[in-house]
2 protein chains.
Amino acid sequence: MHVPIKVSHLLSMRFVKPCHLGVISSSHTLQWCFASSSPSSKPIFTHKRKMLLILGTGWGSYSVFKTIDKKLYDVMVVSPRNHFLFTPLLASTTVGTLEFRSIIEPVRNAGFRESGHFHLSYATGLDSKKQELFCTSVLDSDLKYSIPYDKLVIGVGALTNTFGVPGVAEYAFFLKEIADARRIRNRILSNFELALQPNNDLSENARLLHVVIVGGGPTGVEFGAELYDFIEQDVARLYKKMQGQVKVTLVESNKILSAFDERLQAYAEKKLKERKGFEMKQSSVVEVTKDMVRLSDGTIIPCGLVVWSTGLAPRDFTASLDFPKNKMGQILTDRYLRVKDDSSGNIFALGDCADIEDMSLPCTAQVAEREGRFLSQFLNSGCDEKICKPFSFQSMGMLAYIGRYEALTDTPQMKIKGVPSWFLWRSAYLTRLGSWRLRMQVPLDWLKTLLFGRDISRLE
Amino acid sequence: MHVPIKVSHLLSMRFVKPCHLGVISSSHTLQWCFASSSPSSKPIFTHKRKMLLILGTGWGSYSVFKTIDKKLYDVMVVSPRNHFLFTPLLASTTVGTLEFRSIIEPVRNAGFRESGHFHLSYATGLDSKKQELFCTSVLDSDLKYSIPYDKLVIGVGALTNTFGVPGVAEYAFFLKEIADARRIRNRILSNFELALQPNNDLSENARLLHVVIVGGGPTGVEFGAELYDFIEQDVARLYKKMQGQVKVTLVESNKILSAFDERLQAYAEKKLKERKGFEMKQSSVVEVTKDMVRLSDGTIIPCGLVVWSTGLAPRDFTASLDFPKNKMGQILTDRYLRVKDDSSGNIFALGDCADIEDMSLPCTAQVAEREGRFLSQFLNSGCDEKICKPFSFQSMGMLAYIGRYEALTDTPQMKIKGVPSWFLWRSAYLTRLGSWRLRMQVPLDWLKTLLFGRDISRLE
């Protein structure tokens with residue numbers, strides 16, 4: 001029973017080396033075009049289709065995957081994550097305004113020709129001459145293999161930049177993935193429970209209930225906003241004694257939300273500063289330990305949680321690639337998202353791991369998604385520059401939640417703040433959610449939070 | 001700012017020894033009756049109220065907590081879990097039919113007089129003469145303290161019995177808590193993703209997709225049923241190649257669902273056996289390793305997941321208590337749930353950790369919940385045997401889901417099987433869910449699963 005399925009699976013790769021078995025597969029001479037010719041499955045005439053290999057399942061890659069013409073390409077995706085994450089709402093999950101699974105969508109739902117066309121693996125290396133990608137399984141580090149491609153899309157995203165500050169990697173919490181948000185939620189709830197336990201040490205309690213946010217970009221500010229909603233709406237109800245003791249310090253060396261219109265930015269700053277226990281420090285962090293943060297002026301802030309959100313650093317895979325890069329380690333591309341100095345013209349890069357030369361676009365979901373849709377168009381056109389104009393970007397604007405049902409909306413047409421902007425923030429994201437499942441669940445979560453409060457169950 | 005709050009917190013315990021600080025609190029001579037007399041809070045005249053200490057947040061304890069008269073008692077709860085778990089639906093969360101947080105309810109939502117009246121701790125010992133309980137924090141094992149009580153309710157539940165079989169504790173998965181269900185879900189999804197990765201070894205794939213369930217009680221059978229729904233409804237859609245390869249073996253030394261009516265039991269057995277890839281083994285397991293299970297007849301079953309659900313064993317705390325117990329290590333009580341041979345009459349035990357002498361009730365949610373409600377009545381009556389008749393139990397019947405929209409209903413009035421019984425199963429549980437939050441979320445999860453399928457995103 002197993003054999004035909006397995007065989008078709010093996011055949012679906014031209015060149016497979018399962019290294020943990022130490023065997024080179026005999027199928028390495030077979031061509032991709034015979035992919036589904038196993039006796040058990042109806043033959044699909046794939047020989048007309050080129051093999052499009054997409055790395056990553058973030059905004060850019062997922063956008064390519066969803067809009068590419070699957071009659072033209074056999075699409076294979078390699079990513080350490082088998083779901084797409086709606087990052088603009090990630091901060092809401094750290095305190096339970098939304099639940100984790102309400103903002104993710106399994107990529108398999110978007111439809112693969114064969115279930116073996118998604119691989120839960122890291123890309124580890126690239127042979128651009130042989131057109132071959134090297135991978136390691138997320139689930140078994142001994143399982144290494146390679147995949148051939150005709151066209152390659154690199155959309156692996158980026159890491160949070162620690163700027164080499166000691167202790168950040170060990171003790172600070174990032175906010176990029178669901179696992180990060182869950183760790184933060186767990187830590188917040190644990191600290192509240194711990195501070196309520198018989199424990200004479202007042203300074204220890206003050207430490208447990210002090211949160212330091214490093215970085216005043218949208219992620220840092222929105223996390224702070226959600227945290228304050230949680231404190232005012234739920235801590236006040238369920239951890240009454242603690243409400244007055246909670247402190248939040250936001251450390252930012254420049255202005256917060258610096259990309260926003262100046263008046264909106266000033267409004268946000270004013271609103272945040274009004275909050276009890278909130279402090280803004282124009283400084284930078286030079287050390288993080290298990291229980292404190294040290295600023296550049298020597299100030300020590302004892303704290304129970306550090307959330308670090310300060311710009312991007314390249315992933316190991318991106319760093320390993322021998323392509324021209326900018327100062328931030330991003331792969332340089334032309335306006336067709338083709339990697340610079342790659343003579344084949346078959347390698348594309350987009351999103352946070354890439355930079356279109358001379359365009360200097362911000363590293364946002366909006367840019368990555370638009371690049372993804374553009375790239376699909378270009379690939380669907382057969383990479384024909386006559387049909388497809390080079391990529392151009394006109395920002396639709398920016399949104400940021402600042403707490404207490406207020407947000408900022410900064411678009412070329414309008415600058416709004418306050419509650420109307422919050423309505424816009426919620427409506428805009430609702431329409432951008434990628435599936436009906438999410439469009440059903442997200443408003444229900446909002447309703448549930450409104451009616452019943454946030455779930456403070458501490459799960460391991 | 002911190003001091004008054006902290007003081008009132010300290011005062012809420014007569015005798016607090018925060019051992020990790022090595023200090024004996026000066027508040028140890030204060031009486032509970034002054035509990036909330038700190039300057040910052042309105043004095044509450046608690047001196048009329050007795051201190052009721054409840055251990056655990058399962059069916060029995062939570063039922064006491066919800067129905068006790070809080071004008072009569074100051075209630076304090078100590079539990080390693082700050083939520084109540086609706087266990088009959090736990091199996092549904094292992095494959096995502098329901099989400100984890102849809103079947104739990106934070107105990108703090110049920111209302112404490114003060115937020116410090118819930119402690120996320122393990123009970124570690126008891127001095128019944130001094131009426132004092134010893135605890136250790138779940139979050140900081142150095143944080144040890146004691147709590148005085150007037151009345152004590154022991155409802156700490158039980159562990160899954162491994163019967164000393166080697167490897168069970170290390171490699172098998174239990175199914176008692178949300179963390180267990182999450183581990184199982186994660187393992188199932190990981191094994192599917194792993195089996196799809198380039199990997200020549202057919203026998204390794206067969207192992208990954210083989211699930212062994214040990215124990216044919218309701219938990220084991222319902223997990224098997226949910227797993228089959230997942231295979232038929234979602235694996236068929238999203239991991240097409242794998243569907244034919246999945247195998248499930250149910251190992252049970254007796255009959256499955258042996259507590260049910262014989263005809264219903266036979267029906268369930270027939271239905272399960274009809275399923276492709278399903279096998280039932282009347283045997284027992286003698287060893288579990290990382291990748292196989294060995295049966296008593298020597299058979300070795302290579303497998304990727306072992307779910308172990310075979311009866312109960314006492315928790316360390318229960319084992320440490322110097323009270324009369326039955327053969328299974330359960331604390332013996334009289335029909336007022338008072339612990340046998342405790343002369344004070346102030347210690348009660350209920351649920352899976354206890355056994356009413358000469359009543360031999362099954363260890364079910366129904367029994368524990370009924371005991372809890374009875375105990376509240378008895379405590380509310382001032383423990384007056386004239387007002388309160390001893391505990392009696394008439395079963396409302398049993399329900400079990402067997403997959404494919406079929407269930408068994410076994411009540412004194414009726415024995416039904418099949419789809420009508422499944423309707424009954426869902427309706428009955430829906431009405432039993434303890435809060436409107438859950439009553440809203442559970443049917444929405446069912447609807448979501450029906451409309452969009454289960455979420456196969458693999459989260460760490």
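Scan segment B:314-324 and tell me whether some residue there is closer than 12 Å to B:VAL214 by Cα and out of contact with any helix residue (DSSP H, G or I) (no Cβ under 6 Å at 6 or more places or on another chain). No, segment B:314-324 contains no residue that is closer than 12 Å to B:VAL214 by Cα and out of contact with any helix residue (DSSP H, G or I) (no Cβ under 6 Å at 6 or more places or on another chain). Scanning segment B:187-210 for residues that are at the interface with chain A (Cβ under 7 Å from one of its Cβ atoms), surrounded by fewer than 21 Cβ atoms within 10 Å (Cβ to Cβ) and acidic (Asp, Glu) yields a total of 1. Among the criteria (1) open to solvent by less than 80 Å² (accessible area, probe 1.4 Å); (2) outside the structural domain of B:ILE68 (by TED's automatic domain parsing), the one B:ILE387 does not fulfil is (1). Considering A:ILE184, A:ILE213, the condition of being outside any loop (DSSP other than H, G, I, E, B), open to solvent by less than 10 Å² (accessible area, probe 1.4 Å) and out of contact with any helix residue (DSSP H, G or I) (no Cβ under 6 Å at 6 or more places or on another chain) is satisfied by A:ILE184 alone.
I need the full set of residues from segment B:69-89 which are surrounded by 22 or more Cβ atoms within 10 Å (Cβ to Cβ), within 18 Å of B:GLN366 (Cα to Cα) and away from chain A (no Cβ under 13 Å), in order please. Hits for segment B:69-89 are B:PRO88, B:LEU89. Across segment B:428-435, a minimum of one residue is classified as in contact (Cβ under 8 Å) with a residue 24 or more places away in the chain, within 14 Å of chain A (Cβ to nearest Cβ), within 17 Å of B:THR93 (Cβ to Cβ) and in contact with a Lys or Arg (Cβ under 8 Å, 6 or more places away or on another chain). Just so you know, in segment A:165-181 the residues that are assigned to a helix (DSSP H, G or I) and open to solvent by less than 30 Å² (accessible area, probe 1.4 Å) include one that is farthest from the other protein chains (Cβ to nearest Cβ), and it is A:VAL168. Residue count for segment B:283-316 under the criterion of being touching a Lys or Arg at 6+ places or on another chain (Cβ under 9 Å), within 25 Å of B:LYS176 (Cβ to Cβ) and either of a type outside the set (Ser, Thr, Tyr) or free of Cβ contacts under 8 Å to residues at least 24 places away in the same chain (or both): the result is 12. Taking B:GLY157 as the residue in question, decide whether it is in contact with a helix residue (DSSP H, G or I) (Cβ under 8 Å, 6 or more places away or on another chain), away from every other protein chain (no Cβ under 14 Å) and open to solvent by 10 Å² or more (accessible area, probe 1.4 Å). Yes.
Kindly establish whether A:ALA268 is outside any loop (DSSP other than H, G, I, E, B) and under 29 Å from the mean Cα position of the chain (by Cα). The answer is yes for A:ALA268.
For segment B:383-402, filtered to residues that are at pLDDT 95 or above and of a type in the set (Gly, Ala, Ser), the residue that is farthest from the chain's Cα centre (by Cα) is B:SER392.
Quick test for you: out of A:PHE118, A:PHE112, A:PHE65, pick the one residue that is within 14 Å of chain B (Cβ to nearest Cβ) and at pLDDT 95 or above. Lay out the reasoning, then the answer.
Numbers: A:PHE112 fails: at pLDDT 95 or above; A:PHE65 fails: within 14 Å of chain B (Cβ to nearest Cβ).
Exactly one residue qualifies, and that residue is A:PHE118.
State yes or no: is B:LEU305 away from every other protein chain (no Cβ under 14 Å) and touching a strand residue (DSSP E or B) at 6+ places or on another chain (Cβ under 8 Å)? Against the criterion (away from every other protein chain (no Cβ under 14 Å) and touching a strand residue (DSSP E or B) at 6+ places or on another chain (Cβ under 8 Å)), B:LEU305 does not qualify. Within segment A:394-402, the presence of a residue that is closer than 30 Å to A:LYS50 by Cα, in contact (Cβ under 8 Å) with a residue 24 or more places away in the chain, touching a helix residue (DSSP H, G or I) at 6+ places or on another chain (Cβ under 8 Å) and not aliphatic (A, V, I, L, M) is excluded.
Identify all residues within segment A:407-454 that are closer than 18 Å to A:THR87 by Cα and in contact with a Gly (Cβ under 7 Å, 6 or more places away or on another chain); write none if there are none. Steps first, please.
The initial filter retains those residues of segment A:407-454 that are closer than 18 Å to A:THR87 by Cα, namely A:407-409, A:422, A:424-443, A:445-446.
Scanning segment A:407-454 gives a single hit, A:THR409.
Based on this model, can you work out whether A:THR162 counts as more than 9 Å from chain B (Cβ to nearest Cβ), assigned to a strand (DSSP E or B) and closer than 27 Å to A:ALA313 by Cβ? Answer is no for this residue.
Here A:THR136 passes the criteria (1) β-branched (Val, Ile, Thr); (2) closer than 30 Å to A:ASP334 by Cα; (3) within 18 Å of the chain's Cα centre (by Cα); (4) open to solvent by 10 Å² or more (accessible area, probe 1.4 Å) except the one numbered (3). The numbered conditions (1) under 20 Å from the mean Cα position of the chain (by Cα); (2) open to solvent by 50 Å² or more (accessible area, probe 1.4 Å); (3) on the phi > 0 side of the Ramachandran plot are all true for A:TYR405 except (1). State all residues of segment B:218-242 that are away from chain A (no Cβ under 14 Å) and of a type outside the set (A, V, I, L, M); if no residue qualifies, say none. Hits for segment B:218-242 are B:PRO218, B:THR219, B:GLY220, B:GLU222, B:PHE223, B:GLY224, B:GLU226, B:TYR228, B:ASP229, B:GLU232. B:THR409 - would you say it is among the polar types (S, T, N, Q) and touching a Leu at 6+ places or on another chain (Cβ under 8 Å)? Against the criterion (among the polar types (S, T, N, Q) and touching a Leu at 6+ places or on another chain (Cβ under 8 Å)), B:THR409 qualifies. Assess whether B:LEU444 counts as being assigned to a helix (DSSP H, G or I) and at pLDDT below 95. So B:LEU444 does not fit the description; no.
Restrict the check to segment A:253-260 and report whether at least one residue is of a type in the set (Gly, Ala, Ser), over 21 Å from A:LEU295 (Cβ atoms) and more than 8 Å from chain B (Cβ to nearest Cβ). Write out each step before concluding.
Restricting attention to segment A:253-260, the residues satisfying the condition of being of a type in the set (Gly, Ala, Ser) are A:253, A:258-259.
Now restrict to residues that are over 21 Å from A:LEU295 (Cβ atoms): A:259.
From what is left, the residues that are more than 8 Å from chain B (Cβ to nearest Cβ) are A:259.
Looking through segment A:253-260, at least one residue is of a type in the set (Gly, Ala, Ser), over 21 Å from A:LEU295 (Cβ atoms) and more than 8 Å from chain B (Cβ to nearest Cβ).
Residue by residue through segment B:401-460, note down the ones that are more than 18 Å from A:MET440 (Cβ to Cβ) and among the charged types (D, E, K, R). Residues satisfying the conditions are B:ARG404, B:GLU406, B:ASP410, B:LYS415, B:LYS417, B:ARG426, B:ARG432, B:ARG458, B:GLU460.
Can you find a residue that is in the same structural domain as B:ILE188 (by TED's automatic domain parsing), open to solvent by less than 60 Å² (accessible area, probe 1.4 Å) and of a type outside the set (Phe, Trp, Tyr) anywhere in segment B:315-322? No: segment B:315-322 contains no residue that is in the same structural domain as B:ILE188 (by TED's automatic domain parsing), open to solvent by less than 60 Å² (accessible area, probe 1.4 Å) and of a type outside the set (Phe, Trp, Tyr).
I need the full set of residues from segment A:447-460 which are more than 8 Å from chain B (Cβ to nearest Cβ) and either surrounded by 21 or more Cβ atoms within 10 Å (Cβ to Cβ) or in a loop (DSSP other than H, G, I, E, B) (or both), in order please. Give the derivation first.
Of segment A:447-460, the ones more than 8 Å from chain B (Cβ to nearest Cβ) are A:447, A:449-450, A:454.
Answer for segment A:447-460, where residues must be more than 8 Å from chain B (Cβ to nearest Cβ) and either surrounded by 21 or more Cβ atoms within 10 Å (Cβ to Cβ) or in a loop (DSSP other than H, G, I, E, B) (or both): A:THR449, A:ARG454.
The values are calculated or read from the model by the stated rules, or taken from the named source; none is laboratory data. The model shown is predicted, which means the values in this text are computed figures rather than measured ones. Cβ coordinates were reconstructed from backbone atoms using ideal geometry, including for glycine residues, and neighbour counts include every protein chain displayed. These accessible areas exclude ligands, DNA and RNA; they are computed on the full protein's heavy atoms, side chains included. Shrake-Rupley method; radii C 1.70, N 1.55, O 1.52, S 1.80 Å.
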